[in-house]
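Contents: one structure, followed by commentary.
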Amino acid sequence: MLFLLTFFLFFSFWVNPQMTCAQDKVVIGIPLSITGIHAKFGEQHHNGYKLALEEMLAQGGIRKGLFKGKKLEFQFEDEEGKPDKAKAVTEKLITRDNVSMIMGGYSSSEVFAIAGTTAQYGTPFISPSGAADDITQKGWKNVFRLNQPASEYCTGLQDFILKIVKPASMVILFENTLFGTSTAKAMKVWCEENNIKVLMFETYEAGAPDFKPLLTRVKVANADVIFMVSYIMDAVLLTRQSAEVDIDSKLFCGGAAGFALPEYTKGVGKLAEGVMTAVLWSHDVKYPGAQKFYETFLKKYNLAPTYHGAEGYSAAYLCRDVVERTKSLSKEDLIKALSETDMMTIFGPVKFVNYKKFTNQNKVPSLVVQVIKGKHETVWPPDAAAAKYMYPQPKWKDKR
């Protein structure tokens, strides 16, 4: 009998050598824009994930709970910035690789595809970045969002506009994506609530080669505020061509995304001076560890982290926190642990709540940064500001 038991155990290991190895780690699947149109944002997330994982492994991996002493492992899959690809790699991670949780994605379109796929399988999903309101408005019990929804991206910027700019009119330009549409619609509703006339509410094709015909109409509209929702390539071209057309306004600003990247200031040079954008996080914000993270990230990757890097880094630590509290790696127990999260990260507090139409949504305030002497500086709200805001903004002709 003893011989048969020994043989069975040996045979089981021989046919499945991963059995023992798998006990030493907890694997998280991460679909991510490693290549494709959103690769710059994916790079920030990727670096944030890797930095956090290195730190956690140096700390001994999982520090407490049922899986104390085990290691977290991140398995990355390139979703190429395409919803169909995002769905396919998510299914692979769940059905073939048997990961414990899914985390990641970047743009709303891909994240929505990932969220819907995980919902079909009941797999826990942490979204650190996708902004479209719908992602946490479908009632999906397995989907948890770390970052603000698109309708709340610009609360800090709106506060600045209302208190400092006090405009009578606004032009809203946005790319035809889930993120662009959600953010723009929220701004339009806010304008209507605050008696700010929206003179143009225009969508555009992402990646268009020439925006001058559109921007010529913007100039004729002569609005007090120009608000744009764009990813990096469009943000750069729209800014350059706005200067060429010489649009005059009290405030030229963006709704996060491309306007918040270091590549934006590099891409437009002096034209970036004074441009404002909503952001979800900044290195000089007063959250514990934020400044240290910024310095470590910058030194390691020779690249300043944007809020996207902070999202990835914080989501990684959230993963460990969940694994340290869960009673098992079953989907049900992991979802329960996620729902009971109450922790502080460099991105801010994380506690998932249900409100309005949102389910499992983290509530964290947004900020405003402005390009001052070539660098993004936090200027609003006043209690979070690291620099005095520049207003009025310099004219285009004065920046050259």
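Throw me the Rg/Rh for the chain, computed over C-alpha atoms with Kirkwood Rh, two decimals. Kindly include the intermediate steps, with their values, before the conclusion.
Working: Rg = 22.6 Å, Rh = 22.0 Å.
Result for the chain is an Rg/Rh of 1.03.
Counting alpha carbon pairs within less than 8 Å and at least 6 residues apart, what relative contact order, in whole percent, applies to segment 160-309?
Values: 227 pairs, mean separation 29.0, N = 150.
Once divided by the residue count of segment 160-309, the mean separation gives 19 percent.
Under 8 Å for C-alpha pairs, at least 6 residues apart: give me the relative contact order for segment 243-400, rounded to a whole percent.
On the way: 232 pairs, mean separation 46.2, N = 158.
Here the relative contact order equals 29 percent.
How much of the DSSP bridge set in the chain is antiparallel, in percent, rounded to the nearest 5?
Given both bridge residues lie in the chain, the antiparallel proportion sits at roughly 30 percent.
Going through the cross-link list 50/141; 141/363; 212/250; 68/141, which pairs have a Cα-Cα distance over 25 Å in this structure? The partial results should precede the final answer.
Values: 50/141 28 Å; 141/363 17 Å; 212/250 20 Å; 68/141 27 Å.
Where the Cα-Cα span goes over 25 Å, the pairs concerned are 50/141; 68/141.
As an exercise, identify the GluC sites (Glu not before Pro) in segment 172-244 lying in DSSP coil whose Cβ has no more than 13 other Cβ atoms within 10 Å.
On the way: sites: 175, 192, 193, 202, 205, 244; in loops: 205.
Passing both the DSSP loop test and the Cβ count: 205.
Which value, in Å³ per residue, describes the convex hull spanned by the Cα atoms of segment 247-400? Intermediate values should be presented prior to the final figure.
On the way: hull volume 22.2 nm³, N = 154.
Once divided by residue count, the hull of segment 247-400 is 144 Å³.
Would you kindly work out the equivalent ellipsoid of segment 12-143 from its C-alpha gyration tensor and give its semi-axes, the square roots of five times the eigenvalues, largest first in whole Å?
Values: eigenvalues 132, 60, 43 Å².
Taking √(5λ) for each Cα gyration eigenvalue gives 26, 17, 15 Å.
What dipole magnitude, in Debye to the nearest 20, does the chain give about its Cα centre under +1 on Lys/Arg Cβ and -1 on Asp/Glu Cβ?
Result for the chain is approximately 620 debye, rounded to the nearest 20.
Quick one: check the C-alpha center-to-center distance for segment 172-199 versus segment 34-93, whole angstrom.
One Cα centre to the other: 33 Å.
So which GluC sites (Glu not before Pro) in segment 301-358 are both in a DSSP loop and have at most 15 other Cβ atoms within 10 Å of their Cβ?
340
Enumerate the helices in the chain for which the Kyte-Doolittle hydropathy averages 0.0 or more and the C-alpha atoms extend at least 15 Å along the helix's axis, using complete DSSP H runs.
Values: long enough: 2-15 (20 Å, 2.41); 39-58 (28 Å, -0.61); 83-95 (18 Å, -0.43); 108-121 (20 Å, 0.37); 178-193 (23 Å, 0.03); 232-245 (20 Å, 0.68); 290-301 (16 Å, -0.90); 307-325 (27 Å, -0.43).
For the chain, where a helix must reach 15 Å along its axis and average at least 0.0, the hits are 2-15, 108-121, 178-193, 232-245.
Over the chain, what is the relative contact order in whole percent, taking alpha-carbon pairs under 8 Å and six or more residues apart? Numbers along the way, then the final one.
Values: 843 pairs, mean separation 70.0, N = 400.
Taking the mean separation of contacting Cα pairs over the length of the chain, I get 18 percent.
Name the residue, out of 93, 32, 329, whose mean-square fluctuation peaks in a Gaussian network model built on the chain with Cα pairs under 10 Å.
It is 329.
Each reported figure results from applying straightforward, stated rules to the coordinates on display, with no laboratory input. Fair warning: this is a prediction, and the values are worked out from it, not measured in the lab. So basically every Cβ, Gly included, is an ideal-geometry build from the backbone, and we count neighbours across all protein chains shown.
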